[in-house]
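Quick notes on the structure that follows.
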Amino acid sequence: MKMFQNSISRFGFRSLVLLAIPLSIAFTSCKDDDDDEPTPSPTTARLLVTHASPDAPGVDLLLDNVKVNSAALEYLGNTGYLTVNSGNRNVKVNVTGTTTTVIDATLTLVANKNYSVFAVDSVSKISAVVIEDNLATPASGKAHIRFVHLSPNAPAVDVAIDGGAVVFGDYEFKEASEFTPLDAGTYDLEVRVAGTSTVALDIAPITLTAGKIYTVFAKGFLTGTGNAALGAEIITNN
């Protein structure tokens, strides 16, 4: 644990949008398949869209009214990074196979930047959370990891080393940390009710590979069951 604590530069900062969790929770893995995507050109940006609304059906993604997915994007699925023109881009999320739009947003995408868009909350209140992704290459022997709270009805939480130091502190729904460097290795993490030692759940061991970048997000409902149960999901961003 000492090595882990020494490897953390500083926690407790926020990105612009996202938050945290408690209660029992299963850990699964959702990996971006586009590890070899090139970086954006001076006239393009990259956009990764994740379906994180626990009770929403499969969806289609439209960029400037052009459908970009060939199959329905189901809960916890993501598109991988899509290379798109920079500037103001209209993004619509439709119920698969219909013209029923559940999210309609205009995003300002800066050239040569990377972004994550999460469709979040219950289907009756579904909305988009947008975060800029800093995909700078980790230092030798390091990985980068961030935490995003996407469980709609879960309280604020801390993410900590099992029995030890808090890594990401006091995150609420729709809050996200910045990407944080950690030594490559395997970590046992736990989710605690924010500001307490009460463990809401133990997260399965996470192995961080040197040079890789990861997003761990809280998913599901506090009292959800089955696929909508409270849990954690991991995306590999590079």
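Readers should treat all values here as calculations from the given coordinates under stated rules, not as data from a laboratory. These numbers were taken from a predicted model, which means no experiment stands behind them. When we count neighbours, we look across all protein chains shown, and the Cβ atoms used for this are built from the backbone with ideal geometry, even at glycine.
How big is the C-alpha Rg of the stretch 40-134 next to the rule-of-thumb value 2.2 N^0.38 Å, as a ratio?
Values: Rg = 12.5 Å, N = 95, 2.2 N^0.38 = 12.4 Å.
Computed over Cα atoms of the stretch 40-134, the ratio equals 1.01.
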At the level of C-alpha centres, the distance separating the stretch 180-229 and the stretch 90-146, in angstrom, is 20 Å
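Give me the net charge of Val110's neighbourhood, meaning all other residues with Cβ under 13 Å from the Cβ of Val110; Lys, Arg count +1, Asp, Glu -1.
On the way: positive: Arg46, Arg89, Lys113; negative: Glu132, Asp133.
Here the charged neighbours net out to +1.
To the nearest 0.05, what FRET efficiency results for Ala72 and Ala210 with a Förster distance of 41 Å applied to their C-beta separation? It would help to have the intermediate numbers written out before the result.
On the way: r = 35 Å, r/R0 = 0.86.
That gives a FRET efficiency of 0.70.
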